[in-house]
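This report concerns only the one structure given below.
The values are calculated or read from the model by the stated rules, or taken from the named source; none is laboratory data. The shown structure was predicted, so the numbers you read here are calculated from the model rather than taken from an experiment. All Cβ positions, even for glycine, are placed from backbone atoms using ideal geometry, and neighbour counts span all protein chains on display.
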Amino acid sequence: MPGDKSISHRALILASLAEGECRIRGILESEDVRSTAEVLRALGAAVPPLSNEIRVKGSRLRGLRQPRRTLDCGNSGTTARLVAGVVAGHPVSARFEGDESLSRRPMKRIAEPLTYMGAQFDFEHGDGLPMTVRGVDLRSIDWDTHASSAQVKSAILLAGLVSGVEVRVTEKSRSRDHTERMLRAMGADVENDGNQVCLRPAQRLDPIELEIPADPSSAAFFVAIGALASDGEVTLADVCLNPTRTGFLEAMIRMGAHVERAQNLIRAGEEVGTLRVRPAPLRSIRISETEIPALIDELPLLACVAAAAGVELEITGAAELRVKESDRISTVVENLRAVGADVEELPDGLRVHVSRRPMAGLVDPRGDHRIAMAFGVLSAASGNRITVTHPECVAVSYPRFWEDLRRVVA
Ligand code: S3P
């Protein structure tokens, strides 16, 4: 399985801020991570071309330089929001841009706390990209996000890190905590207490060796294949099993899937293990607000699993899905209907009803990688005749997805 996308972005960003050389193995070689690498290079960081093993010589906290070009974040929200936090605490000014999808996504959620800390944000229209961030010596902050977003939390932590000030972030429920774990592994003083995280003023980041575990959000597609198959077994090695990312596994187990997890090691503060999945009859479930952060990126897949298995699924409290790479509620609903499923759109989620099978039709993922792959899984389910148009959009997170899917299904 390819390396974890969230951890790969953070590895490049934190390595660029370290005092010394970090060695990173197994970084995800995808378009989103390349966007982060390229943006960091434009800021003067010594990031080499991505490969299975890279060394990054850090520029130290506040060692990045005034960029001479616009920072192109491509399709990647994590690049834009996390790097904005870094830039906010540097004495530089940087213009961020992105593709059409990223330009529609809200940046106010990071602009608000970072402006409160002292940075200046200028938007060319609305609160999306392009935006220009002018960094300064930031002040400390105690911020309640009233939501749960690892990107917002990380932007604030990174801003506090480079400015050497204390920051505290409170979330509604705990979002993925890779930034905190990696910061701690590099010697920073970070404390998690329930839904609150506090970073104390940092002087430096120690260089580390990082081995990036496989991405549980990519593994999820093959967990689904293993559960929906008529026979066989799927084994996935070295998958990140950080509990802020395992919501999909828990939902599948609640649906009745046979998933065995063997956790065997800790890498850079992340639990890593092997998953073994066998086919089983699935049953209906409901997913509500408190569970959402741990499976936010897997919700389109869960809807496809329910449709493929012919069971009911209700998802509520997931309005965040509307501001992802596409409006994932309407994209999933329209495409499930296009292949013959009975599905209801809710303001903050959806309901999949027991659907007629097999399914057939044309899927338009609207350029959204996770929608393309979720329907890829549905297309592989027995008897279905589904074609996913623009399959190349998977390149942002999982370039080899279609090849791996063909191999596993064969
Ligand atoms: C991510 C956080 C999540 C997730 C995204 C990656 C990260 O977004 O959906 O795919 O790497 O921090 P939000 O922070 O907007 O919830």
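A few notes on this one:
- Only one entry of Ala147, Ala159, Ala155, Ala185 meets the criterion of being in contact (Cβ under 8 Å) with a residue 60 or more places away in the chain, hydrophobic (A, V, I, L, M, F, W, C), surrounded by fewer than 22 Cβ atoms within 10 Å (Cβ to Cβ) and within 16 Å of the ligand (Cβ to nearest atom), and that entry is Ala147.
- Consider segment 60-110 and keep the residues that are β-branched (Val, Ile, Thr) and within 13 Å of the ligand (Cβ to nearest atom). The one that is farthest from Glu21 (Cα to Cα) is Ile110.
- Sole exception among (1) away from the ligand (no atom under 13 Å from the Cβ); (2) touching a Pro at 6+ places or on another chain (Cβ under 8 Å); (3) modelled with pLDDT of 95 or more for Thr170, by number: (2)
- One residue stands out among those in segment 389-410 that are of a type in the set (A, V, I, L, M) and within 17 Å of Ser76 (Cβ to Cβ): the one that is surrounded by the fewest Cβ atoms within 10 Å (Cβ to Cβ), which is Ala395.
- All of Ser326, Ser330, Ser284 fail the test of being small (Gly, Ala, Ser) and more than 23 Å from the chain's Cα centre (by Cα), apart from Ser284.
Table: residues versus (1) of a type in the set (Ser, Thr, Tyr); (2) surrounded by fewer than 17 Cβ atoms within 10 Å (Cβ to Cβ); (3) within 20 Å of Ser230 (Cα to Cα).
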residue: Arg328; (1), (2), (3): no, no, no
residue: Ala338; (1), (2), (3): no, yes, no
residue: Ser355; (1), (2), (3): yes, no, yes
residue: Gly367; (1), (2), (3): no, no, no
residue: Ala372; (1), (2), (3): no, no, no
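- All strands (runs of 3 or more DSSP E) inside segment 316-410 with 1 or more residues being closer than 25 Å to Glu31 by Cβ: 360-363, 385-388
- Every residue from segment 257-292 that is farther than 17 Å from Leu236 by Cα and surrounded by fewer than 16 Cβ atoms within 10 Å (Cβ to Cβ): Pro281, Arg283, Arg286, Ser288, Thr290
- Residue check for Val152: at pLDDT 95 or above, within 23 Å of Lys324 (Cα to Cα), of a type in the set (A, V, I, L, M) and not assigned by TED's automatic domain parsing to the domain that holds Asp297: yes
- Number of residues in segment 4-36 that are within 17 Å of Arg370 (Cβ to Cβ) and either in contact with a His (Cβ under 8 Å, 6 or more places away or on another chain) or surrounded by 24 or more Cβ atoms within 10 Å (Cβ to Cβ) (or both): the value is 10.
- Every pair of residues 6+ apart whose Cβ atoms lie under 6 Å, when the first sits in segment 318-347 and is within 12 Å of the ligand (Cβ to nearest atom) while the second is in a loop (DSSP other than H, G, I, E, B) and among the basic types (Lys, Arg): Val323/Arg105
- Residue satisfying all of: in segment 29-59; over 18 Å from Ile208 (Cα atoms) and outside any helix (DSSP H, G or I); nearest to the ligand (Cβ to nearest atom) among these: Ser30
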